[in-house]
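Visitor: The following block contains the structure, expressed as structure tokens.
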Amino acid sequence: MKKPELNITPFVDIMLVLLAILMVSVTMSTYQEKSVNLPEGSKTTPAVKKASINIVITKDLKVFVNKQEFSLNDFLENFNLKYGNFNKNALVYIAADKNIRYEYFMKVYAAVVKTGFTQIGLLTK
């Protein structure tokens, strides 16, 4: 009399297929875009625009702050004096020519941070 053999290969195949289906369905439900019904905004109250400071560094190391021109050394010395009392929650945007040395950009960035501004954006193309 032969001993009965237990063949678990079909069982393992089925379990692997179920595991793959489970992994795909969980991923799809997690990353599926949710629809949100947003409330209407007030049409009588205009939005308040935050003040912003725009800094542009040109390839010849001229620094423009809201269209006012500085040399790099003048900027580093005078930014804190001119904008030290400005609202520290203001948005500061820095745009630099791609051909300037990184250290010059970092000097301008450090001067802005040292003055106390925390919302600093770097502009790119």
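The values are calculated or read from the model by the stated rules, or taken from the named source; none is laboratory data. The structure presented is a predicted model; accordingly, all values stated were derived computationally and were not measured. Cβ atoms come from the backbone with ideal geometry, glycine included; neighbour counts cover every protein chain shown.
Visitor: Applying the selection to segment 60-72, what residues are in contact with a strand residue (DSSP E or B) (Cβ under 9 Å, 6 or more places away or on another chain) and more than 19 Å from GLY84 (Cα to Cα)?
Guide: If the condition is that a residue be in contact with a strand residue (DSSP E or B) (Cβ under 9 Å, 6 or more places away or on another chain) and more than 19 Å from GLY84 (Cα to Cα), then LEU61, LYS62 are the ones that fit.
Visitor: Pairs under 8 Å by beta carbon, first residue in contact (Cβ under 8 Å) with a residue 40 or more places away in the chain and assigned to a strand (DSSP E or B) in segment 93-113, partner buried (at least 16 other Cβ atoms within 10 Å of the Cβ) and aliphatic (A, V, I, L, M), six or more apart or different chains?
Guide: Note: pairs meeting the criteria are TYR93/ILE53; TYR93/ILE55; ALA95/ILE55; ALA95/VAL56; ALA95/ILE57; ALA96/VAL56; ALA96/ILE57; ALA96/VAL108.
Visitor: Exactly one of these conditions fails for VAL26: (1) exposed (fewer than 10 other Cβ atoms within 10 Å of the Cβ); (2) modelled with pLDDT under 80. Give me its number.
Guide: Here VAL26 clears every test but (1).
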